[in-house]
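*Asks:* Handing you this structure, nothing more for now.
The values are calculated or read from the model by the stated rules, or taken from the named source; none is laboratory data. Because the structure is a prediction, the values reported are computed rather than measured. Note: ideal-geometry Cβ built from the backbone for every residue, glycine included; neighbour counts use all protein chains shown.
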Amino acid sequence: MRLSPLQIAQIRQSAAESFGPEARVWLFGSRVDDRKRGGDIDLLVQTRALSPDVALRCKIRMLGLLESRLGERKIDLVIEQPDDTRPIVRVAHETGLAL
C-alpha cells in the first residue's frame, strides 16, 4: 500500500468527522500496489443510509479535510450506502484494502 501511516490516520479521521465514527474506508486502485508509481488516491467510504444531498455535503466536507491534511492531490471518493450494487463498489471491496 502506497500510503504512510500518517496519511491513513488522516483519511480515517476525515471520514469519521465527515460521515460519523461508524464510517469505514477502503483504499483501492493503483495505490494498493506497491510496485506502481504515481496515481490518484481512490477511496470508498461505507456509511449508513443518507439522503443524496446529505451524502454530497459529507463527501465535499471530507474532500476539503483531505486537501487540508494531505495537500493538493487527486482523490476519487466513492460513497457506498446500504444495498449499493454499483460495480465500482464491488471492485473496491474485491481489490481494495480496508484502512
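*Asks:* Quick one: which of Glu17, Glu22 is loosely packed, with under 15 Cβ neighbours inside 10 Å and part of a loop (DSSP other than H, G, I, E, B)?
*Replies:* Result of the check over Glu17, Glu22: Glu22.
*Asks:* Another one. Of the residues Asp76, Asp83, which single one is touching a strand residue (DSSP E or B) at 6+ places or on another chain (Cβ under 8 Å) and either among the acidic types (Asp, Glu) or within 22 Å of Arg37 (Cβ to Cβ) (or both)?
*Replies:* Asp76
*Asks:* Taking the condition of a type in the set (Asp, Glu), within 17 Å of His93 (Cβ to Cβ) and without any contact (Cβ under 8 Å) to a residue 12 or more places away in the chain, does Asp33 pass?
*Replies:* So Asp33 fails the test.
*Asks:* Being surrounded by fewer than 16 Cβ atoms within 10 Å (Cβ to Cβ) and part of a helix (DSSP H, G or I), is that true of even one residue in the range 27-41?
*Replies:* There is at least one residue in the range 27-41 that is surrounded by fewer than 16 Cβ atoms within 10 Å (Cβ to Cβ) and part of a helix (DSSP H, G or I).
*Asks:* Just to be sure, is Met62 of a type outside the set (Val, Ile, Thr) and at pLDDT below 95? Please lay out each step first, then the result.
*Replies:* Working: of a type outside the set (Val, Ile, Thr): yes; at pLDDT below 95: no.
Judged against the criteria, Met62 is not a match.
*Asks:* Taking the condition of being surrounded by fewer than 14 Cβ atoms within 10 Å (Cβ to Cβ), assigned to a loop (DSSP other than H, G, I, E, B) and not aliphatic (A, V, I, L, M), how many residues in the range 46-83 meet it?
*Replies:* Residues in the range 46-83 being surrounded by fewer than 14 Cβ atoms within 10 Å (Cβ to Cβ), assigned to a loop (DSSP other than H, G, I, E, B) and not aliphatic (A, V, I, L, M): 8 in total.
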